[in-house]
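Student: Shown below is the structure under consideration.
The values are calculated or read from the model by the stated rules, or taken from the named source; none is laboratory data. What you see is a predicted model, and the numbers here were worked out from it, not measured in a lab. Please note: Cβ atoms are built from the backbone with ideal geometry, for glycine as well, and neighbour counts cover all protein chains shown.
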Amino acid sequence: MLAEVDDTGAQDRTDPASDPSGLADAFAQVARSLVAEDDLPAVLSRISTLAVQTIDGAEHCGITLVSAGVVRTAGSSDEVPERVDRLQYETGEGPCLSAIREHQVFRSDDIRDEDRWPSFVRRAEEETGVRSILSFRLFIGEDTLGALNLYAGSPGSFGEDDVHVGAVFAAHAAVAMESAGQVDDLRTALRTRDVIATAKGIIMAESDLDDDQAFDVLRRASQRTNVKLREVAAEVVDRHSSTGTAAEPEVP
């Protein structure tokens, strides 16, 4: 039987006063992981492991990432979620993909009774041993980032409390994904700035040009070759490092 749960309502109904023992500590550990660790796979694997340790019905947890229209398992508590997720990717169906596409939370009490995902179900129990699945859409604002998926080998493993607690783990995972993306963008910007500055310094030293003139050399080379400015700058730096000679890009 398939149960569909409104994801927004599930998060709104979370009652801290009724949290199971150790729940606050688990969420504190997740929060500390987000601050202390900037490696996205490590953070998501940590969240997956804590979800299994905290949610009574969960035996395995995996987190799916959507990037440029491609889905992949970006973190997991063990190898089982990767096998289950791979079947969903191969068949193009399953609760994880439904959560992403339909923007809902999906709970399957027993995949033997499912008729929503026939191709996935035919293979899932035999190849993975999974019977119960609970999948959450991960999102920031209106943007879907992926899904958090809980798996268990027994039917009926997930109740309403698991839906509520799992929604909080899903929110943490979404924040981790968003933060990691911002960090990656910042690092890329800093690397680009540094390599351009280095290339300008090389051109200034080799050609007796000032800062603006050196940048103009890079800019004109980029326009002439239809290559991004940072790539032109990187070529200048690489050639200078390997030859120790003038590395100024040729321009008309």
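Student: For the range 63-86, give me the residue count where each residue is out of contact with any strand residue (DSSP E or B) (no Cβ under 7 Å at 6 or more places or on another chain) and closer than 21 Å to Gly166 by Cβ.
Tutor: Within the range 63-86, the subset out of contact with any strand residue (DSSP E or B) (no Cβ under 7 Å at 6 or more places or on another chain) is 67-70, 79, 83, 86.
Next cut, closer than 21 Å to Gly166 by Cβ only: 79, 83.
Number of matching residues: 2.
Student: Still on this model: Sort out which residues of the range 103-136 are charged (D, E, K, R), farther than 17 Å from Glu59 by Cβ and either part of a loop (DSSP other than H, G, I, E, B) or in contact with a strand residue (DSSP E or B) (Cβ under 8 Å, 6 or more places away or on another chain) (or both), and write them in order of number.
Tutor: Glu114, Asp115, Arg116
Student: Follow-up question, since we're still on this one. So Ser21 ticks every box in (1) surrounded by fewer than 13 Cβ atoms within 10 Å (Cβ to Cβ); (2) at pLDDT below 65; (3) in a helix (DSSP H, G or I) but one. Which box is left unticked?
Tutor: (3)
Student: Could you tell me whether any residue of the range 200-220 is part of a loop (DSSP other than H, G, I, E, B) and modelled with pLDDT under 85?
Tutor: Of the range 200-220, the ones part of a loop (DSSP other than H, G, I, E, B) are 208-210.
Filter once more, keeping what is modelled with pLDDT under 85: 208.
Within the range 200-220, one or more residues are part of a loop (DSSP other than H, G, I, E, B) and modelled with pLDDT under 85.
Student: So for the range 42-53 (the condition being farther than 15 Å from Ala170 by Cβ and either outside the structural domain of Asp143 (by TED's automatic domain parsing) or buried (at least 24 other Cβ atoms within 10 Å of the Cβ) (or both)), does at least one residue qualify?
Tutor: No, there is no match, as no residue in the range 42-53 is farther than 15 Å from Ala170 by Cβ and either outside the structural domain of Asp143 (by TED's automatic domain parsing) or buried (at least 24 other Cβ atoms within 10 Å of the Cβ) (or both).
Student: Those residues that are modelled with pLDDT of 95 or more and either part of a helix (DSSP H, G or I) or closer than 16 Å to Thr73 by Cβ (or both), I need them from the range 137-165; list them, please.
Tutor: The answer is Asn149, Leu150, Tyr151.
Student: Does Ala74 satisfy being in contact with a Leu (Cβ under 8 Å, 6 or more places away or on another chain), part of a loop (DSSP other than H, G, I, E, B) and touching a residue at least 60 places away in the same chain (Cβ under 8 Å)?
Tutor: Taking the combined requirement at face value, the residue does not satisfy it.
Student: Hey, another quick one. Quickly run through the range 86-115 and pick out the residues that are crowded, with 16+ Cβ neighbours inside 10 Å and either under 18 Å from Ser157 (Cβ atoms) or not assigned by TED's automatic domain parsing to the domain that holds Val71 (or both).
Tutor: Of everything in the range 86-115, those that are crowded, with 16+ Cβ neighbours inside 10 Å and either under 18 Å from Ser157 (Cβ atoms) or not assigned by TED's automatic domain parsing to the domain that holds Val71 (or both) turn out to be Gly94, Pro95, Cys96, Ala99, Val105, Phe106, Arg107, Ser108, Asp109, Asp110, Ile111, Glu114.
Student: Separate question: Which ones in the range 50-62 are modelled with pLDDT under 90 and either in contact with a strand residue (DSSP E or B) (Cβ under 8 Å, 6 or more places away or on another chain) or part of a loop (DSSP other than H, G, I, E, B) (or both)?
Tutor: Of everything in the range 50-62, those that are modelled with pLDDT under 90 and either in contact with a strand residue (DSSP E or B) (Cβ under 8 Å, 6 or more places away or on another chain) or part of a loop (DSSP other than H, G, I, E, B) (or both) turn out to be Ala51, Ile55, Asp56.
Student: A further question follows. Does at least one position in the range 226-236 carry a residue that is on the phi > 0 side of the Ramachandran plot and surrounded by fewer than 16 Cβ atoms within 10 Å (Cβ to Cβ)?
Tutor: Yes, the range 226-236 contains at least one residue that is on the phi > 0 side of the Ramachandran plot and surrounded by fewer than 16 Cβ atoms within 10 Å (Cβ to Cβ).
Student: Now for a different question. Of all residues in the range 82-96, how many are more than 15 Å from the chain's Cα centre (by Cα) and not in a loop (DSSP other than H, G, I, E, B)?
Tutor: Residues meeting the conditions: 9.
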